[in-house]
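Below is one structure, written out as structure tokens; comments come after it.
The values are calculated or read from the model by the stated rules, or taken from the named source; none is laboratory data. Please read these numbers as outputs of a predicted model, since none were measured by experiment. No Cβ is skipped: glycine too gets one built from the backbone with ideal geometry, and neighbour counts run over all protein chains shown.
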Amino acid sequence: MKILTLISLCFALTLHAETTEWSEAAQILARITPPQFPARDFVITDFGAVAGGSNDCTAAIAKAIDACAAAGGGRVVVPAGEFLTGAIHLQSNVDLHLAATNSVLKFSTDPKAYLPVVFTRFEGTECYNFSPLIYALGQKNVAVTGDGTLDGQADDSNWMAWKNSSARKQLAKMAEDNVPVAQRQFGEDDHLRPDFIEFNRCQNVLIEGVKIRRSPMWEIHPLLCTNVTVRGVDILSHGANNDGCDPESCRDVLIEKCIFDTGDDCIAIKSGRNADGRRVAVPSENLIIRDCTMRDGHGGVTIGSEISGSCSNVFVENCQMDSPNLACALRLKSNAVRGGVIQNIFMRNVNVGLVKDSVLQIDFLYEEGATGDFKPVAHNVVMENITVAQTPRVLNVRGFPGAEISGVRIYHSTFKQVKKPDVVEDADVKLVDCTLEPAK
């Protein structure tokens, strides 16, 4: 009788997850609609851009964008060939379109090409810094699409040499001291790297089809945006802090059919850091991630660590993850300085080949750890139908007294070649109807 009751309970819990939570995913998808653009093309070579990769085409691209916006919108077309450019600033109703597989935008590694500074966030803290390589602020209906390549040309001789800049600590202290954002000015002497693509406070965003290579830092950074679609993007960039896609304080986001091979988290959902994240106080919510491939990276899908504004309603399904350099499939990270509430996180039907550390990692002792006044929360984290060919352990979950890790469940999953015991500290985590096969 007790066995039947337990089976019935497990079935009811799983059925609830399928019918209630995932029905909300369908409602989110119904709201996400990619922007449409008028059938007008503005080819950058008609505005003075010259292929070859040595002539600076920044001004010509800007003229094409201005003409496109003035006409009411359309496509700014990059034809076949290599075109050297500095910062590109998009406007409303403009689709930057790389028309051919051999259409290449090569971005200058001269920091002056990304001045004057613009309003941005650096690792979750608002400031003024170098322009991202592709940037839009407060625009509506903006896109980067096509079959071509965006090449940031970053390596250890330029942007990557800045990865340990002392200005990171300076900015963090400014935020904790409540220095007004307008006074947080950083530039050429401060060595804070720019993101590759940042759409800041935009509505109706589309990034589709392009290849992204050699980014200075985060590759795709939608920030305080609504209605975002990232589809069919191929990212290969292994520099430090080279997160693949970082939706930050965004609402209604779809990431699908992308390939991530990165030097940091493949997808990292964020919502601001520490006091600055709590000041802005905009969560990330309503995100759908599906049909993606994750290779190298710190985590396949990560939430945090800049998560002070909280995060809820994340749905991940039908993804493939596999690499000896992929730390884990699902990763949540925060601490008592970052804080934040992470809740209603769902992952199902994910096939994992090999991961380096664990399948699920929740690390609330990350960096500053338990020392702080803002205890993090993770609640209602559900994984279903996860198949793993090889993992050192299934769980690496580290909480601490005063923090909350509750309602973490893994259902109907198979884990093979398990070598180590799970780590579960100060957390409510259960595996239900799962199969674990130890390594021989």
Evaluate segment 85-98: report whether one residue or more is in a loop (DSSP other than H, G, I, E, B), under 18 Å from THR145 (Cβ atoms), in contact with a Lys or Arg (Cβ under 6 Å, 6 or more places away or on another chain) and not β-branched (Val, Ile, Thr). yes
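Scan LYS375, LYS333 and give me the residue that is among the basic types (Lys, Arg) and surrounded by 24 or more Cβ atoms within 10 Å (Cβ to Cβ).
The unique qualifying residue is LYS333.
Can THR125 be described as touching a helix residue (DSSP H, G or I) at 6+ places or on another chain (Cβ under 8 Å), β-branched (Val, Ile, Thr) and under 20 Å from ASN241 (Cβ atoms)? Steps first, answer last, please.
Numbers: touching a helix residue (DSSP H, G or I) at 6+ places or on another chain (Cβ under 8 Å): yes; β-branched (Val, Ile, Thr): yes; under 20 Å from ASN241 (Cβ atoms): yes.
Answer is yes for this residue.
For the condition under 16 Å from THR85 (Cα atoms), in the same structural domain as THR262 (by TED's automatic domain parsing), of a type outside the set (Phe, Trp, Tyr) and part of a helix (DSSP H, G or I), what is the one hit in ALA154, ALA182, ALA113?
On the way: ALA154 fails: part of a helix (DSSP H, G or I); ALA182 fails: under 16 Å from THR85 (Cα atoms).
One residue alone meets the criteria, ALA113.
Yes or no, residue by residue, for (1) modelled with pLDDT of 95 or more; (2) surrounded by fewer than 21 Cβ atoms within 10 Å (Cβ to Cβ); (3) over 23 Å from GLN417 (Cα atoms):
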{"site": "SER305", "(1), (2), (3)": "yes, no, yes"}
{"site": "VAL314", "(1), (2), (3)": "yes, no, yes"}
{"site": "ASN349", "(1), (2), (3)": "yes, yes, no"}
{"site": "LEU354", "(1), (2), (3)": "yes, yes, no"}
{"site": "SER358", "(1), (2), (3)": "yes, no, no"}
{"site": "THR391", "(1), (2), (3)": "yes, no, no"}
Residue pairs within 7 Å by beta carbon, gap of at least six or interchain, first lying in segment 120-131 and in the same structural domain as VAL179 (by TED's automatic domain parsing) and at positive phi, second part of a loop (DSSP other than H, G, I, E, B) and crowded, with 23+ Cβ neighbours inside 10 Å, listed first then second, are GLU123/ARG273; GLU123/GLU306; GLY124/ARG273; GLY124/GLU306
Report whether or not GLU368 is in a loop (DSSP other than H, G, I, E, B) and touching a residue at least 24 places away in the same chain (Cβ under 8 Å). yes
Unmet requirement for GLU198, which otherwise passes all of (1) within 19 Å of VAL118 (Cα to Cα); (2) touching a residue at least 60 places away in the same chain (Cβ under 8 Å); (3) out of contact with any strand residue (DSSP E or B) (no Cβ under 8 Å at 6 or more places or on another chain): (3)
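Picking from ILE405, ILE386, which residue would you name as being assigned to a strand (DSSP E or B), outside the structural domain of ALA25 (by TED's automatic domain parsing) and farther than 15 Å from VAL424 by Cα? Break it down into steps so the answer makes sense when it comes.
Details: ILE405 fails: farther than 15 Å from VAL424 by Cα.
Being assigned to a strand (DSSP E or B), outside the structural domain of ALA25 (by TED's automatic domain parsing) and farther than 15 Å from VAL424 by Cα holds for just one of ILE405, ILE386, which is ILE386.
Residues in segment 307-319: is at least one small (Gly, Ala, Ser) and either in contact with a helix residue (DSSP H, G or I) (Cβ under 7 Å, 6 or more places away or on another chain) or without any contact (Cβ under 8 Å) to a residue 12 or more places away in the chain (or both)? Walk me through how you get there before you give the answer.
Step one: list which residues in segment 307-319 are small (Gly, Ala, Ser), which gives 308-310, 312.
When the remaining residues are screened for being either in contact with a helix residue (DSSP H, G or I) (Cβ under 7 Å, 6 or more places away or on another chain) or without any contact (Cβ under 8 Å) to a residue 12 or more places away in the chain (or both), the result is 308-309.
Yes - at least one qualifying residue is present in segment 307-319.
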Of all residues in segment 57-84, how many are under 28 Å from the mean Cα position of the chain (by Cα) and either among the polar types (S, T, N, Q) or part of a strand (DSSP E or B) (or both)? 9
Being over 19 Å from GLU285 (Cα atoms) and either under 13 Å from the mean Cα position of the chain (by Cα) or outside the structural domain of SER103 (by TED's automatic domain parsing) (or both) is the filter here; which residues of segment 208-225 pass it? MET217, TRP218, GLU219
Of the residues in segment 195-207 that are part of a loop (DSSP other than H, G, I, E, B) and more than 15 Å from the chain's Cα centre (by Cα), the one that is surrounded by the most Cβ atoms within 10 Å (Cβ to Cβ) is CYS202
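To keep it simple, each residue is scored yes or no on (1) farther than 25 Å from LEU206 by Cβ; (2) part of a helix (DSSP H, G or I).
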position	(1), (2)
THR109	yes, no
ARG121	no, no
PRO132	no, no
ALA136	no, no
ARG168	yes, yes
Tell me which of these VAL228 doesn't satisfy, since it passes every other one: (1) under 13 Å from the mean Cα position of the chain (by Cα); (2) surrounded by fewer than 24 Cβ atoms within 10 Å (Cβ to Cβ); (3) within 18 Å of VAL316 (Cβ to Cβ). (2)
From the list SER334, SER323, which one is in contact with a Lys or Arg (Cβ under 8 Å, 6 or more places away or on another chain), among the hydroxyl-bearing types (Ser, Thr, Tyr) and modelled with pLDDT of 95 or more? SER323
Is segment 409-422 home to any residue that is in contact with a helix residue (DSSP H, G or I) (Cβ under 7 Å, 6 or more places away or on another chain), at pLDDT 95 or above, farther than 17 Å from ASP322 by Cα and among the aliphatic types (A, V, I, L, M)? no
